[in-house]
Structures are given as C-alpha cells and as structure tokens.
Amino acid sequence: MKIAAAESAVAQVRDGLVIGLGSGSTAAFALHALGRRVLEGLRIVGIPTSERAAAQAGALGIPLSNLEDNPHVDITIDGADEVEQDNLDLIKGLGGALLREKIIASASKKLVIIVHGDKLVSRLGLKVPVPIEIVPFGWQVTAQRLSTLGAKPVLRRDPDGAPYRTDGGNYIVDCAFEAIDSAESLAREIDHVVGVVEHGLFVGLTSEVHVARAEGVSILS
Ligand code: A5P
C-alpha cells in the first residue's frame, strides 16, 4: 500500500519541476519511483528533507539541490504519521525529520502526502504523540513547560540510551496529548514555549493526501 500511494503521487511529477523529497518509509518508495523515472529521462531537481533522504536520493541518481539555489519548490511528496480526515492537518516527525520537512513544505506550492488508510483519524493525537524538536540546553525546563499544555513529554532516545539527535543536532520530546481539540491553537501555544525549535503539527499546509487501501488509492484534497 505504501508503494501504491507513492506511485500515485509520483505520477504527478513532470519535467522541469523542483521536488521536495520526503523522509520515512513511505516517502522512500516515492524516491524509488522518482529514481526510476529519472533513469527513463525525467528531468527534475530534488530538495531532500533529511540527510537520510539525501543519501537515498543521491544513490538513486536523483539530481539534488537546496533551498538556497531553489527557494520555490513545486511539489513536495512526503509521508505522515496521522492525517485528520476533515481538514488534512497532520502529525509528522516520528521519523525525526520534522523541522526540515516543515521548512520545505512551507516553501512548496503543493504538499502531497502519501499514507495508508490506517493513518486517517477523526482527531489528531488519538494514536501518536506530537514530536517536538527542542534545543538540548535546559531541555528538562522546556519539557516541563510543555507538560503544562497537557502533554506527557518523553525524551526520544537512541537504542544505546543516548538522547536522539536530529539532523540539526537538537533533541525531540514526544508529547502525547491524547485527542487534540484544535491543532491550530495547540500549535500556537507550543510555538510560544521557549526552547522549542519546531513541532510536528502541520496545520493548513497539506494540498492533497493519497490514501492507499486494499481496494485502491483515493485522493483527498
Ligand atoms: C519523518 O520525520 C516523518 O514525518 C515521516 O514522514 C512520518 O514519520 C511517516 O513515516 P512512515 O512513512 O515511515 O510511516
């Protein structure tokens, strides 16, 4: 199903476009589909949302660039951890790349999300926590402030127990809020916490969602 969603989104890509390259296991299938089309002659430039996506895309022969040389992105194709079905707001960042993903999504004319049907929810926060990227300095204080917003912050760690580091060298606290009544107002509140770099609530950014289910792919927009 991840492959089906990825192929559906990549079918929109045409010659000459600047493409934001998402991170995560579903986006990896989109990279493979793009790499195949590049081999067949498609001319695109890719802007990777993580070091990992950059390595994968480079190995697949996708020409890469950056926001300095290409500040306007035509289409970004990325995965998500949860999609609110009524408004297409998202939780992203369980893969750790939320900051660059959000910067590139914000610079994109079109954000195309690829998921399987299990990720559609009636309200965000029902199944997954909101990943919040914070600076390491004083992280306990920042986590404490986040807990006053109703979260249960847990510092993300590597398998060896060391704090997980993002591509930007920051920490991530995964914040379970249970069900989120308004992602927009929660996003505003999180934005005001000192020490927060960015959070995984993507509000009002999504253009369309390609949802793969056993019976086929449907597009929500
Ligand atoms: C990466 O930081 C995330 O935002 C991913 O896009 C998200 O976790 C979806 O990943 P999967 O496609 O692996 O579920």
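The values are calculated or read from the model by the stated rules, or taken from the named source; none is laboratory data. Keep in mind it's a predicted model, so treat the numbers as computed, not measured. When we count neighbours, we look across all protein chains shown, and the Cβ atoms used for this are built from the backbone with ideal geometry, even at glycine. With ligands, DNA and RNA removed, areas are computed over all heavy atoms of the protein, side chains included. Shrake-Rupley method; radii C 1.70, N 1.55, O 1.52, S 1.80 Å.
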Exercise for the section: Would you work out which of Gly168, Ser23, Leu64 lies farthest towards the positive end of the dipole of the chain? Charges go on Cβ: Lys and Arg +1, Asp and Glu -1. Expected result: Leu64
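Ignoring any ligand, DNA or RNA, what whole percent of the accessible area of the range 1-124 comes from carbon and sulfur when the probe is 1.4 angstrom?
52
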Exercise for the section: Have a look at the DSSP beta bridges in the chain and tell me what percent are antiparallel, nearest 5. Expected result: 50
Exercise for the section: Tabulate in residue order the Karplus-calculated ³J(HN,Hα) for the range 60-76, using 6.51 cos²θ - 1.76 cosθ + 1.60 with θ = phi - 60°, rounded to whole Hz; enter x for Gly and Pro. Expected result: 8, x, 7, x, 10, 9, 9, 6, 5, 7, 9, x, 10, 9, 6, 9, 10
Exercise for the section: Just the number, please: carbon plus sulfur as a percent of the accessible area of the range 130-198, 1.4 Å probe, no ligands or DNA/RNA counted. Expected result: 52
Fill in the blank from the handout: Quick calc, the chain, dipole around Cα centre from Cβ unit charges on Lys, Arg (+) and Asp, Glu (-), nearest 20 debye, gives 280
Fill in the blank from the handout: To the nearest Å², the heavy-atom accessible area per residue of the range 87-221 with 1.4 Å probe amounts to 47
Exercise for the section: Would you calculate, for the chain, the mean residue ellipticity at 222 nm contributed by helices, counting each DSSP H stretch of 4 or more residues as -39,500 (n - 2.57) and dividing by all residues, to the nearest 500? Expected result: -8000 deg cm²/dmol
Practice task
Taking amide H positions as placed in the peptide plane 1.01 Å from N, state which residues far from Ile134 in sequence (5 or more) or on other chains have amide H under 5 Å from it.
Solution key: Tyr171, Ile172, Val173, Val197
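Filter the GluC sites (Glu not before Pro) in the range 48-152 down to the DSSP loop ones having no more than 11 other Cβ atoms within 10 Å, then list what survives.
Glu68
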Practice task
Quick one: check the C-alpha center-to-center distance for the range 105-132 versus the range 193-212, whole angstrom.
Solution key: 7
Practice task
Name the long-range amide H neighbours of Leu64: under 5 Å, sequence gap of 5 or more, or other chain; modelled H, no Pro or chain starts.
Solution key: Gly46
Problem - Rounded accessible area of Tyr171 (nearest 10 Å², 1.4 Å probe) - result: 30
